[in-house]
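*Asks:* A single structure is presented below for examination.
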Amino acid sequence: MQKSKLMCALAAIVLLNVGAVSSSYAADAGKPMAGATASVSDEVIASSAKLALSSDKEISGLPVSVTSKKGVVVVTGAVPNAQTGDRVIHILASLEGVKDVKSELKVQAP
């Protein structure tokens, strides 16, 4: 479990650095790189979301999946109660770059 958290953190750091290098290169070239910013940004958002959820003791073991497209995060899976679902949504909404959270979570008793 600790190794998985470390790998997620490492992946997020690498993706953040790739985004910074891409942005710097685009600024140096004098024109934006078509499509590069959006896909990297969504990858960073998704990695950050997965890391944030796996770091939360209440949520880490739940079957929850996260995707991101143009800053809109879609979360799917099962939670034991509505309060836990609200917690997932709150954590995701607080992440940098997230414009909206679409919940497809289902409440299922453990």
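*Asks:* So Val88 fits all but one of (1) in a helix (DSSP H, G or I); (2) of a type in the set (Val, Ile, Thr); (3) open to solvent by 30 Å² or more (accessible area, probe 1.4 Å); (4) modelled with pLDDT of 95 or more; what number is the exception?
*Replies:* All conditions are met except number (3).
*Asks:* Quick one: how many residues across the range 58-79 are assigned to a strand (DSSP E or B) and either closer than 16 Å to Ala109 by Cα or touching a strand residue (DSSP E or B) at 6+ places or on another chain (Cβ under 8 Å) (or both)?
*Replies:* Qualifying residue count, the range 58-79: 13.
*Asks:* Here's another thing I want to ask about it. If you check Gly35, Gly97, Gly71, which single one turns out to be at pLDDT below 95, loosely packed, with under 11 Cβ neighbours inside 10 Å and either at positive phi or aromatic (Phe, Trp, Tyr) (or both)?
*Replies:* Testing whether each residue is at pLDDT below 95, loosely packed, with under 11 Cβ neighbours inside 10 Å and either at positive phi or aromatic (Phe, Trp, Tyr) (or both) leaves just Gly35.
The values are calculated or read from the model by the stated rules, or taken from the named source; none is laboratory data. Everything quoted here is computed from the prediction, not taken from an experiment. All Cβ positions, glycine included, derive from the backbone under ideal geometry; neighbour counts span all protein chains shown. Remember, those area values only see protein heavy atoms, side chains included, never the ligands or the DNA or RNA. Shrake-Rupley method; radii C 1.70, N 1.55, O 1.52, S 1.80 Å.
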